[in-house]
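The values are calculated or read from the model by the stated rules, or taken from the named source; none is laboratory data. Since the model is a prediction, treat every value here as computed from it, not as a measurement. So basically every Cβ, Gly included, is an ideal-geometry build from the backbone, and we count neighbours across all protein chains shown. Quick note on the areas: whole protein, heavy atoms, side chains included, nothing else; ligands and nucleic acids left out. Shrake-Rupley method; radii C 1.70, N 1.55, O 1.52, S 1.80 Å.
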Amino acid sequence: MRISFVLSVLVSSWLFSRCTDSQSSHSSSNARLKPTAIEFDGTSYRLLRYGEPYFIEGAGGVSHFERLKECGGNSIRVWDDSDAGQLLDEAHRLGLTVMLGLWVEREMEGFSYDDQQAVARQYERIRKTVLKYKNHPALLLWCVGNEWAQGANNFKVYDEVNRLAMLVHEIDPSHPVSTAISPDSKRAVWLVAKRCPAIDILSVNAYALTDQLSEFFAQGGWKGPYIISEYGAPAYWETPVAPWGAPDEPTSDQKQVFVRQFYPKHIGSRPPNCLGAYLFYWGAKQEESHTWFSTFDEKGHETPIIELMQELWSDQKAANQAPVIRALLVDGKATTHRSFASSAMLHEARVETSDPDGDPLTYEWEIKFRAARTADYVGTQRPAIDGLLTSSDTPSVSFRLPTQAGAYRLFVNVYDTHNHVGTANFSFEVK
């Protein structure tokens, strides 16, 4: 009886093992057949692209895809489906993938998740988008919403994000679903972990908070994979602020130094459960200023961050480097902001700069109103004010103060002869 019992246990264990191995093998096979899948090896998660490990080395933006490919990047992030077909096609032509955003309306911008008709319209819009692009060969994964949890007091938004994620899974089981939040506290992470079980990957626009991600994930109960969906220059909500509320913007070289220090620790080291990251912003974008997050200017000149990303992504240094800005001096002093009493006197500004390759340099100076915290704060660049600069094409200039009281910035761009630009600006107030 004893022998019979032991044999029975051994046979049962063997059958269970075979069954488990078969299920595991079947699951692994299914994952490897999908365009994109998530694999857990018992310790941490990783992303698979047609069965092969795929670590995201990408950037958010809608332009300069060829340059991203040349630098060694492999993916782009877009926040909504505007021009999605064209962007997906261009990415596919270059062998890039796309993290495609499905825009979720935000309570802080006036959307109500108690408005059932508005919620239904959003659901239908997203359903049509997923149906339209689910089979595109460049699609890597979906991102349901961006920073929708900020200022959200109605918990229904979390339930709706989960319902939308379930919808995406139902229509398209071949691509994972993420959502992007700012992990400014354990609260948002906890609520996503608790109320959005259909989310496969948590994307975080982390910036300086990246150092605290492990803590936020542990406190919030997120144990799954994550993507750093935005990183780059120190953000304007993270830098010192002038008394009138204007944040101090780092120079292009200070931004490069910051990313050089950030990347190896948080991305290049391939932390457990990290599936990759997207630099913000690959292109030109007005946000606090037209230079803050921009890695290109409006004419396509490249800032020093582009050559850095080439080095980080491909381990290849650029053949020619951007101008180096060491300091911006106003009236002989290196300062990031200053308050002036209104007067007609002239002030002096000088940029201390050099070029690593000895290229000749040209200069462009301009004074603009500081962007207000309205629609133009993010999207529309303020025009330059004419008549204040005595010259605008030399390393030193004289300038008059605007007659109208308010907050301004004095910008300088330094160009070499190889399509590069260095940027710096000085924030000032006229009383």
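Worth pointing out:
- Lone qualifier among D393, D357, D376 - being of a type in the set (D, E) and at pLDDT 95 or above: D357
- Odd one out for V189, checked against (1) in a loop (DSSP other than H, G, I, E, B); (2) under 27 Å from P264 (Cα atoms); (3) in contact with a helix residue (DSSP H, G or I) (Cβ under 6 Å, 6 or more places away or on another chain): (1)
- The condition of being of a type in the set (D, E) and either under 17 Å from L140 (Cα atoms) or loosely packed, with under 15 Cβ neighbours inside 10 Å (or both) holds for only one of E105, E66, that being E66.
- Scanning region 155-166 for residues that are open to solvent by 10 Å² or more (accessible area, probe 1.4 Å) and modelled with pLDDT of 95 or more returns K156, D159, E160, N162, R163, M166.
- Residue, farthest from D159 (Cα to Cα), within region 91-147, restricted to residues that are assigned to a loop (DSSP other than H, G, I, E, B) and in contact (Cβ under 8 Å) with a residue 60 or more places away in the chain: P137
- Residues satisfying the stated conditions in region 171-199, i.e. acidic (D, E) and either crowded, with 22+ Cβ neighbours inside 10 Å or more than 20 Å from L48 (Cβ to Cβ) (or both): D184
- Matching entry among A341, A318, A322, A327 (being surrounded by 16 or more Cβ atoms within 10 Å (Cβ to Cβ), closer than 30 Å to S398 by Cβ and over 17 Å from the mean Cα position of the chain (by Cα)): A322
- From S427, S392, residue being outside any strand (DSSP E or B), under 21 Å from T251 (Cβ atoms) and among the hydroxyl-bearing types (S, T, Y): S392
- Extreme residue, most open to solvent (accessible area, probe 1.4 Å), among residues of region 203-246 that are touching a residue at least 60 places away in the same chain (Cβ under 8 Å) and closer than 29 Å to P323 by Cβ: P240
- Criterion applied to W244, W282 was being more than 17 Å from the chain's Cα centre (by Cα), at pLDDT 95 or above, outside any helix (DSSP H, G or I) and among the aromatic types (F, W, Y), and the one residue passing it is W244.
- Y415 passes every criterion in (1) farther than 27 Å from P304 by Cβ; (2) in contact with a His (Cβ under 8 Å, 6 or more places away or on another chain) apart from (1).
- Across region 111-135, the number of residues qualifying as under 20 Å from H169 (Cβ atoms) and either surrounded by 19 or more Cβ atoms within 10 Å (Cβ to Cβ) or touching an Asp or Glu at 6+ places or on another chain (Cβ under 7 Å) (or both) comes to 7.
- Failed criterion for S174 (all others in (1) among the polar types (S, T, N, Q); (2) in contact with a Pro (Cβ under 8 Å, 6 or more places away or on another chain); (3) within 20 Å of S229 (Cα to Cα) hold): (3)
- Yes/no for E307 being under 26 Å from the mean Cα position of the chain (by Cα), open to solvent by less than 50 Å² (accessible area, probe 1.4 Å) and not polar (S, T, N, Q): yes
- Qualifying residue in region 165-176 (condition: within 16 Å of the chain's Cα centre (by Cα) and closer than 16 Å to G276 by Cβ): no
- Look at (1) over 26 Å from N419 (Cβ atoms); (2) touching a Lys or Arg at 6+ places or on another chain (Cβ under 8 Å) and you find that F293 fails only one, number (1).
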